[in-house]
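> There's a structure below that I have some questions on.
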C-alpha cells in the first residue's frame, strides 16, 4: 500500500501593508515645514552673491585706478596769503594787571575765484578689461581760460594786507599721476610750469578727500592738484587772464565743478555717455558723439576768505554743484539686478510650493516631502546658476539661460510624479509665468507692488477654489512609488 507524502503548504504571502494616509491639512503643514527649510539655500546663495559683488567691485576699482580712476577737476583758483602790516603784528593785552605785547595770529588767506571761466573738455574712450570685468576708460583733454579781478573782494580787517608775492594759482585734479604731459600755465606771454602741489590739504579742508565726499578732489596729504607761484605777474589793480590745458586719463566718471562767478562748460566726446548731468537742470538731452555740447553759464561763487570758502566747498561744491559725465560699461557686472532678483526669490519660492501643493491636492497621487524639497531646492539653485552665467552674458540673457532649464526640469518632474503629460505642460506654463512675472517686477519697479499683490491674491484664490470641495480631515494621498 503506497503511502502518499503530505504536501507541504506554502506559506501564505503576507498582505500588502495598508498605505499610510495623511490629511490634507497635515500635508499642508509638511509643505510649510519643507518650504521653511528651502529658504536656507536661498540665503546661502544671497551670501555668495554678496561675496561675488564685493570681489567684482574691488576688481573694477583696481581696473579703474590702473587707468586713472574716476577723475574730478575744478579750478583755477588763486590763493593770496595775508599778514599784518609792519608794526601791527603785535597786540597789547592786560594780564594780571600788567600790559604785555602778544604776537597776533596770522590772518587767513583770501581765495580768489575767476570773474569768468570757460572750460572745454574733450574725451576719447576705450574699454579697459580684466577677465569678465571691464570699465570705460577715457583720455581727457581739459582746457580753461579764466580772468581774475583782484579789486573785487571782501574788505580786509584793519591793518591786514595782502602778500601778493606769495600768490599761488591752483588747479585741482583727482589723480595727478594719470597726467600724460606736464601742464603749463599761460599768463599773457609768460609760460609757467604747473607742478604737482605739496601740502594743499593744509590750505583747504582735509575732509574734501574723504570717502564720504561725492567729489574727492583733495586728500589730507594734499597731493591732488597742480600749482604755480604767480606773485611776480600780478598787478592787484589790473585783471589777470590765465589759461592752461590738462591731458590726463581716467575711467567711468568725470566730474567738473564750476568755480567762478560766471563759468561755462563745453564738451566733445567720441562716444555717448550713459549720463551727462547738469546740476542745475538734470540730464542734458540730445547729446551726439563728436558734437560740441555747451552747458551755459553759471556763477555760484564769490571771492571769500579761506574759512568761508572751505565751508562753501564742503556744503555746496562737493555735495551739489558739479557737472558729471558718466560711462557705465555694458559688461558682465549684473549684481544690482541679481540682488533685486534675489529679493523676489522668496516670493517665487513661496509661490512654487503653493503651486506644487495645488497639484498635490487635486491629484490622486502625492508628492513625497523629499520631492517637495528637491523641487524647492532647484528654484533656489536657479539664482546661483543665474549669477554664474550672468557674469559672462549680462543679466537679461543670463536670466533666460538659467530660467528655461529650471522650468523644464520642474515641469518634467511634475509630469512623471503625477503620471500626466497634461499636468507637466501646465507646470511648465505656470512656472514659466512665475519667472516672467519676476523679470517684469525687476524691470518695472513702479509696478512691482501692484503686480506682486495681484499675483499673490490670484495664487491664493486659485488654491481656495481647487481645495474648496476637498475634505481636509479625510483626504488620503496615494503613494507615487508604484
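The values are calculated or read from the model by the stated rules, or taken from the named source; none is laboratory data. Treat the numbers as computed from the prediction; the structure is a model and nothing was measured. All Cβ positions, glycine included, derive from the backbone under ideal geometry; neighbour counts span all protein chains shown.
> Return a yes/no flag: does the stretch 217-224 have any residue that is surrounded by 13 or more Cβ atoms within 10 Å (Cβ to Cβ), part of a helix (DSSP H, G or I), at pLDDT below 85 and touching a helix residue (DSSP H, G or I) at 6+ places or on another chain (Cβ under 9 Å). Let's see the steps before the verdict.
Pass one, the stretch 217-224, residues surrounded by 13 or more Cβ atoms within 10 Å (Cβ to Cβ): 217-224.
If we keep only those that are part of a helix (DSSP H, G or I) as well, we get none.
No, there is no match, as no residue in the stretch 217-224 is surrounded by 13 or more Cβ atoms within 10 Å (Cβ to Cβ), part of a helix (DSSP H, G or I), at pLDDT below 85 and touching a helix residue (DSSP H, G or I) at 6+ places or on another chain (Cβ under 9 Å).
> So, one more: I'd like to verify a number: residues in the stretch 410-425 that are in a helix (DSSP H, G or I) and surrounded by 13 or more Cβ atoms within 10 Å (Cβ to Cβ), how many? First the steps, then the outcome.
Of the stretch 410-425, the ones in a helix (DSSP H, G or I) are 410-417, 421-425.
Then drop every residue that is not surrounded by 13 or more Cβ atoms within 10 Å (Cβ to Cβ), which leaves 410-417, 423-425.
Residues in the stretch 410-425 being in a helix (DSSP H, G or I) and surrounded by 13 or more Cβ atoms within 10 Å (Cβ to Cβ): 11 in total.
> As an exercise: evaluate residue 170 against (1) surrounded by 14 or more Cβ atoms within 10 Å (Cβ to Cβ); (2) at pLDDT 90 or above and give the number of the one condition it does not meet.
Residue 170 satisfies all of (1) surrounded by 14 or more Cβ atoms within 10 Å (Cβ to Cβ); (2) at pLDDT 90 or above except (2).
Each row is one residue, and each column tells you yes or no for (1) surrounded by 16 or more Cβ atoms within 10 Å (Cβ to Cβ); (2) at pLDDT below 90; (3) over 20 Å from residue 181 (Cβ atoms).
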site: 204; (1), (2), (3): yes, yes, yes
site: 208; (1), (2), (3): yes, yes, yes
site: 234; (1), (2), (3): yes, no, yes
site: 242; (1), (2), (3): yes, no, no
site: 265; (1), (2), (3): yes, yes, yes
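> Looking only at the stretch 232-277, count every residue that is more than 19 Å from residue 171 (Cβ to Cβ), under 27 Å from the mean Cα position of the chain (by Cα) and in a loop (DSSP other than H, G, I, E, B) and tell me the total.
Of the residues in the stretch 232-277, 6 are more than 19 Å from residue 171 (Cβ to Cβ), under 27 Å from the mean Cα position of the chain (by Cα) and in a loop (DSSP other than H, G, I, E, B).
> Against the condition out of contact with any strand residue (DSSP E or B) (no Cβ under 6 Å at 6 or more places or on another chain) and modelled with pLDDT under 80, how does residue 50 come out, does it pass?
Values: out of contact with any strand residue (DSSP E or B) (no Cβ under 6 Å at 6 or more places or on another chain): yes; modelled with pLDDT under 80: no.
Spelling it out, it is not the case that residue 50 is out of contact with any strand residue (DSSP E or B) (no Cβ under 6 Å at 6 or more places or on another chain) and modelled with pLDDT under 80.
> Shifting gears a bit: Criterion first (out of contact with any helix residue (DSSP H, G or I) (no Cβ under 6 Å at 6 or more places or on another chain) and at pLDDT 50 or above) does residue 212 satisfy it? Before you say what the answer is, go through the steps one by one.
Working: out of contact with any helix residue (DSSP H, G or I) (no Cβ under 6 Å at 6 or more places or on another chain): yes; at pLDDT 50 or above: no.
No, not satisfied.
Every residue, every condition in (1) under 17 Å from residue 242 (Cβ atoms); (2) over 25 Å from the mean Cα position of the chain (by Cα), yes or no:
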position	(1), (2)
94	no, yes
111	yes, yes
125	no, no
138	no, no
142	yes, yes
146	yes, yes
150	yes, yes
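> Can I ask one more? Between 297, 302, which is at pLDDT below 80, closer than 24 Å to residue 78 by Cα and assigned to a strand (DSSP E or B)? Don't jump to the end; show me each part of the working.
Numbers: 302 fails: assigned to a strand (DSSP E or B).
From the options 297, 302, the qualifying one is 297.
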